[in-house]
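Asker: Pasting in a structure now, in structure tokens, and then I'll have a few things to ask.
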Protein chains: 2
Amino acid sequence: MVDRLRGNLVVGQSGGPTAVINSSLQGVIEEAKRHPEIQGIYGMLNGIQGALDENMIDLRKQPPATIRGLSSTPSAALGSCRYKIAPEEYTKILGVLKAHNIRYFFYIGGNDSMDTSSKISKVAEKDGYELRVIGVPKTIDNDLESTDHCPGYGSVARWVAISTMEAGLDSTAMWAFDKVKVIELMGRDTGWITAATTLGKCSEEDPPHLTYLPEVPLIHDKFIEDVRGVCDKLGFCVVTVCEGLKNENGAPLVESKRAVDTDAFGHTQLGGVADYLSGLAGSKLNLKARFDKPGTIQRVSMTTTSKVDLKEAYAVGQAAVKQATKGETDMMVTLIRAPGKVYRCTTGLVALEKVANVTKSVPRNFINKEGNGMTGEYREYAIPLIGEPLPKYVKVKKLLVPKKMNA
Amino acid sequence: MVDRLRGNLVVGQSGGPTAVINSSLQGVIEEAKRHPEIQGIYGMLNGIQGALDENMIDLRKQPPATIRGLSSTPSAALGSCRYKIAPEEYTKILGVLKAHNIRYFFYIGGNDSMDTSSKISKVAEKDGYELRVIGVPKTIDNDLESTDHCPGYGSVARWVAISTMEAGLDSTAMWAFDKVKVIELMGRDTGWITAATTLGKCSEEDPPHLTYLPEVPLIHDKFIEDVRGVCDKLGFCVVTVCEGLKNENGAPLVESKRAVDTDAFGHTQLGGVADYLSGLAGSKLNLKARFDKPGTIQRVSMTTTSKVDLKEAYAVGQAAVKQATKGETDMMVTLIRAPGKVYRCTTGLVALEKVANVTKSVPRNFINKEGNGMTGEYREYAIPLIGEPLPKYVKVKKLLVPKKMNA
């Protein structure tokens, strides 16, 4: 049993918002209140920038209804950031933490945030300042190493699965007129979100007919032939694509040329892939083509939140506090899937360094041989994460009335 | 009391699918089953094209679960179309209707479909063939004349209101990084859908900060200054725009140049407005800008269906059959809002000719003076249509921890 470390706690949210990141925040706050050694519970405004600028708010003073309401509120309630800390700024941050007797530091975010957390942990250690640093996983991208999946993914996956079923029914009704529809999903380097568009697909005829992930380079001619093949067979084609699709040289298919669209980590804003590919298919095949690009709506929608995801997002926040009070530091909470047929996850820990800046791609066995769809292995992995069964939509039977005119 | 007209019924769905068009179909089918003079209940496959090609299915033979499931299934279960009938084809259609002893013709659609219905009614009348033709209003665009609103609008309005609240919270969290977000909504000529993005807005600070409708020409310099003004004040800006925005000359801001993208009615595919305007604001103001374009997802989403809309969509289908069996023809069912504080709608009738090809724009008093937002009058009109109250999301209070370093 370690000595109880008395002091204040600070928590921050970082990177792209999600439907459930506030559940993790709620988990941290509610668990912290159970530990008497944790005195002040502070929130950094706009992630690490709030620590740097000493902009922190008092979370103990929030009305109870606000804390309770966090789990039904999307986006990042404390504000988020994409700020890359300069080496000299870590000392400044440590100064702020020390000045406020912060002994517990929780950062809810993705792999960039785990890098930031890891560095803060190191600078405190070097200084001899006892600080418990725990990373709380969050990313719709589902690309963190050493965790079965990431809170945020189940909800975006559910949203894109249902939205693709619905936009697919739209195309099915309009097949004679809108021939090609391309739907663009988020994902800088990995196709996890795009993969989830297939979760409502029950047969070969069901949309999406083609699904392309950045894990497999997109060959233009192959793409055109794929679309032509589906249109020849079904009369129309619904394609789902990742904004981060790469060409044969590994370069993004489309990216912004404006310097202002590059963030602090050097990531250029992507997007435009669906516009480009629908245009390409439309021109090459002389078919009417359109695209949907739900953009940020997909990542923060509470309308189709996965209950499993909500629960797990809370649990990882809670686990972070529990582990820190037990003496753990320099770690990220993970989700570990229990073996067996019934889905169950427990939490674990991994060294921050191991996840910092590492990206977990969709494994090749989750993608079909052709590189244009997903496999049953992916389905098995993902279905439990999206919570309740997907809606069942009816199809009328084509019970034709016998022809009298053209019989 | 008119004589009971014995014979078969045919129903079709036309134009862009919606979340509730199948409820209208269900209303037609279930009401038809109550009238013994209606024998066969047929569905045209892909709208009027199904009548032209004699592709009709038997709706009495569908499993009861399929008919019941229609109201929870989006898009158009019978398939839809955007087919403009050539004058000589009307005679062919009449031939099919006569061959199948069709005496009841119901067409669920927008103003193009009412034009088609009106012409079918005329050609039957001229031929002396007794045919009861009733149009059932359907359009997310909400642009039909002589009806308070159109089934389909309430649900798309609810979807865009919630999605804008959520994407707005996303921008609020990311304000320091993603400065400008432009969300593009559907609407060829009218801004009804875009207007609904403001329904979750409770204060000036809440997104969307600017809303542009095609009813007011977009002046480029004014747009840039509007965005600059909001960014100067709030640090970021969320803009909602209609795909059909017009410039000072009344021409679409952006439209496809490909001939394949023009439909049978001469409508060119729109879209690209948000891409264009986010690029414009980004370059001119040197700010990071992005766009969301949910596209067809917005019009067929069942995740946020308005219960009022669902109920009314069923009611207009039902009313069509009731009126036809009473002897009415050449009419479209309308929704009439009862005066008084509590929202209530009844159904009425209007001559098909009066609504055919006519577009109802958003009235000027629903749009603010500046032309960049909506008024209380619009809110009063639209709030009852979206059903249950919008979700309430919490905001943390900015109860700052006193500074110690930079105090």
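Asker: Checking B:Arg103 against (1) within 17 Å of B:Arg6 (Cα to Cα); (2) outside any strand (DSSP E or B), only one condition comes out false. Which one?
Answerer: Condition not satisfied by B:Arg103: (2).
Asker: Output yes when any residue across segment A:149-163 is touching a Pro at 6+ places or on another chain (Cβ under 8 Å) and more than 10 Å from every other protein chain (Cβ to nearest Cβ), and no when none is.
Answerer: Yes, segment A:149-163 contains at least one residue that is touching a Pro at 6+ places or on another chain (Cβ under 8 Å) and more than 10 Å from every other protein chain (Cβ to nearest Cβ).
Here is a yes/no grid of residues against (1) surrounded by fewer than 24 Cβ atoms within 10 Å (Cβ to Cβ); (2) in a loop (DSSP other than H, G, I, E, B); (3) touching a Lys or Arg at 6+ places or on another chain (Cβ under 7 Å):
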{"residue": "A:Lys84", "(1), (2), (3)": "yes, yes, no"}
{"residue": "A:Glu88", "(1), (2), (3)": "yes, no, no"}
{"residue": "A:Val96", "(1), (2), (3)": "yes, no, no"}
{"residue": "A:Glu125", "(1), (2), (3)": "yes, no, no"}
{"residue": "A:Leu144", "(1), (2), (3)": "no, yes, yes"}
{"residue": "A:Asp148", "(1), (2), (3)": "yes, yes, yes"}
{"residue": "A:Pro151", "(1), (2), (3)": "no, yes, yes"}
{"residue": "A:Arg158", "(1), (2), (3)": "no, no, no"}
{"residue": "A:Phe177", "(1), (2), (3)": "yes, yes, yes"}
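Asker: Continuing with the same structure: Limited to segment B:276-323, what total is found for residues that are more than 11 Å from every other protein chain (Cβ to nearest Cβ), surrounded by fewer than 24 Cβ atoms within 10 Å (Cβ to Cβ) and polar (S, T, N, Q)?
Answerer: Matching residues across segment B:276-323 total 2.
Asker: Can you name the residue in segment B:45-71 that is closer than 14 Å to B:Gly27 by Cα and facing chain A (nearest Cβ under 7 Å) and is also nearest to the chain's Cα centre (by Cα) among such residues? Lay out the reasoning, then the answer.
Answerer: The first filter runs over segment B:45-71 and keeps only residues closer than 14 Å to B:Gly27 by Cα, leaving B:59-60, B:64, B:66-71.
Pick out the ones that are also facing chain A (nearest Cβ under 7 Å) and you get B:66, B:69-70.
On the way: B:Thr66: 24, B:Gly69: 21, B:Leu70: 18 Å.
The selected residue is B:Leu70.
Asker: Here is a list: B:Leu94, B:Leu131. Which entry is within 14 Å of chain A (Cβ to nearest Cβ), aliphatic (A, V, I, L, M) and touching a helix residue (DSSP H, G or I) at 6+ places or on another chain (Cβ under 7 Å)? Explain how you work it out, then say what you get.
Answerer: Details: B:Leu131 fails: within 14 Å of chain A (Cβ to nearest Cβ).
Among B:Leu94, B:Leu131, only B:Leu94 is within 14 Å of chain A (Cβ to nearest Cβ), aliphatic (A, V, I, L, M) and touching a helix residue (DSSP H, G or I) at 6+ places or on another chain (Cβ under 7 Å).
Asker: Being within 22 Å of A:Phe177 (Cα to Cα) and of a type in the set (Phe, Trp, Tyr) is the filter here; which residues of segment B:1-54 pass it?
Answerer: Result: no residue meets the conditions.
Asker: What is the one condition in (1) at the interface with another protein chain (Cβ under 7 Å from one of its Cβ atoms); (2) crowded, with 24+ Cβ neighbours inside 10 Å that A:His100 does not satisfy?
Answerer: Among (1) at the interface with another protein chain (Cβ under 7 Å from one of its Cβ atoms); (2) crowded, with 24+ Cβ neighbours inside 10 Å, the lone unmet condition for A:His100 is (2).
Asker: Based on what the data block shows, is B:Tyr381 more than 30 Å from A:His100 (Cβ to Cβ) and either within 13 Å of chain A (Cβ to nearest Cβ) or not β-branched (Val, Ile, Thr) (or both)?
Answerer: So B:Tyr381 fits the description; yes.
Asker: Please find, among B:Val156, B:Val123, the residue that is in contact (Cβ under 8 Å) with a residue 40 or more places away in the chain and of a type in the set (Val, Ile, Thr).
Answerer: Numbers: B:Val123 fails: in contact (Cβ under 8 Å) with a residue 40 or more places away in the chain.
Unique residue meeting the criteria: B:Val156.
Asker: Name every residue in segment A:74-90 that is within 17 Å of A:Met114 (Cα to Cα) and of a type in the set (S, T, N, Q), in order of residue number.
Answerer: Once the filter is applied, which keeps residues that are within 17 Å of A:Met114 (Cα to Cα) and of a type in the set (S, T, N, Q), segment A:74-90 yields only A:Ser80.
Asker: Right, another one. With the requirement that a residue be within 12 Å of chain B (Cβ to nearest Cβ) and not small (Gly, Ala, Ser), what does segment A:11-38 give you?
Answerer: Taking segment A:11-38 and keeping what is within 12 Å of chain B (Cβ to nearest Cβ), we get A:11-19, A:21-22, A:25-26, A:29.
Within segment A:11-38, A:Val11, A:Gln13, A:Pro17, A:Thr18, A:Ile21, A:Asn22, A:Leu25, A:Gln26, A:Ile29 meet the criteria.
Asker: Continuing with the same structure: Could you please let me know if B:Val216 is touching a Gly at 6+ places or on another chain (Cβ under 6 Å), surrounded by fewer than 24 Cβ atoms within 10 Å (Cβ to Cβ) and either aromatic (Phe, Trp, Tyr) or without any contact (Cβ under 8 Å) to a residue 24 or more places away in the chain (or both)?
Answerer: Considered against the rule, which asks whether it is touching a Gly at 6+ places or on another chain (Cβ under 6 Å), surrounded by fewer than 24 Cβ atoms within 10 Å (Cβ to Cβ) and either aromatic (Phe, Trp, Tyr) or without any contact (Cβ under 8 Å) to a residue 24 or more places away in the chain (or both), B:Val216 comes out as no.
Let's see how each residue does on (1) under 20 Å from B:Tyr129 (Cα atoms); (2) without any contact (Cβ under 8 Å) to a residue 40 or more places away in the chain:
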| site | (1), (2) |
| --- | --- |
| B:Val11 | yes, no |
| B:Glu31 | no, no |
| B:Glu37 | yes, no |
| B:Gln49 | no, yes |
| B:Thr73 | no, no |
| B:Ser80 | no, no |
| B:Tyr83 | no, no |
| B:Val96 | yes, no |
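Asker: Condition first: free of Cβ contacts under 8 Å to residues at least 60 places away in the same chain and under 21 Å from the mean Cα position of the chain (by Cα). Now tell me which residues in segment A:169-188 satisfy that.
Answerer: Residue satisfying the conditions is A:Gly187 alone.
Asker: In addition: Going by the structure shown, is A:Val362 within 30 Å of B:Tyr393 (Cβ to Cβ), away from chain B (no Cβ under 14 Å) and touching a strand residue (DSSP E or B) at 6+ places or on another chain (Cβ under 9 Å)?
Answerer: No; evaluated as a whole, the condition is false for this residue.
Asker: Any residue in segment B:276-304 that is closer than 20 Å to A:Val273 by Cβ sitting within a Cβ distance under 7 Å of a residue that is part of a helix (DSSP H, G or I) and of a type in the set (D, E, K, R)? List the pairs, counting only those 6 or more apart or interchain.
Answerer: If the second residue must be part of a helix (DSSP H, G or I) and of a type in the set (D, E, K, R), the pairs left are B:Lys288/A:Asp261; B:Phe291/B:Asp275; B:Thr296/A:Asp170; B:Ile297/A:Glu166.
Asker: With the structure loaded, tell me whether A:Ser171 is within 14 Å of another protein chain (Cβ to nearest Cβ), touching a strand residue (DSSP E or B) at 6+ places or on another chain (Cβ under 8 Å) and assigned to a helix (DSSP H, G or I) or whether it fails that test. Step through it out loud before you land on a result.
Answerer: Details: within 14 Å of another protein chain (Cβ to nearest Cβ): yes; touching a strand residue (DSSP E or B) at 6+ places or on another chain (Cβ under 8 Å): yes; assigned to a helix (DSSP H, G or I): yes.
Criteria met by A:Ser171.
Asker: Related question: Can you pull out every residue in segment A:324-338 that is crowded, with 24+ Cβ neighbours inside 10 Å and in a helix (DSSP H, G or I)?
Answerer: A:Ala324
Asker: Is it the case that some residue within segment B:339-359 is within 14 Å of another protein chain (Cβ to nearest Cβ) and assigned to a helix (DSSP H, G or I)? So that I can check it myself, show each step before the final result.
Answerer: So the first thing to find is which residues in segment B:339-359 are within 14 Å of another protein chain (Cβ to nearest Cβ), and the list is none.
No - not one qualifying residue is present in segment B:339-359.
Asker: Whether any residue in segment B:239-258 is at the interface with another protein chain (Cβ under 10 Å from one of its Cβ atoms), modelled with pLDDT under 95, out of contact with any His (no Cβ under 9 Å at 6 or more places or on another chain) and surrounded by fewer than 24 Cβ atoms within 10 Å (Cβ to Cβ) is what I want to check.
Answerer: Yes: segment B:239-258 contains one or more residues that are at the interface with another protein chain (Cβ under 10 Å from one of its Cβ atoms), modelled with pLDDT under 95, out of contact with any His (no Cβ under 9 Å at 6 or more places or on another chain) and surrounded by fewer than 24 Cβ atoms within 10 Å (Cβ to Cβ).
Asker: Between a first residue in segment B:386-404 that is assigned to a loop (DSSP other than H, G, I, E, B) and a second residue that is surrounded by 13 or more Cβ atoms within 10 Å (Cβ to Cβ) and acidic (Asp, Glu), which pairs have beta carbons less than 6 Å apart while being 6 or more apart in sequence or on different chains?
Answerer: B:Leu399/A:Asp58; B:Val401/A:Asp58; B:Lys403/A:Glu54
The values are calculated or read from the model by the stated rules, or taken from the named source; none is laboratory data. Please read these numbers as outputs of a predicted model, since none were measured by experiment. Here Cβ is always computed from backbone atoms with ideal geometry, including for glycine, and neighbour counts include all displayed protein chains.
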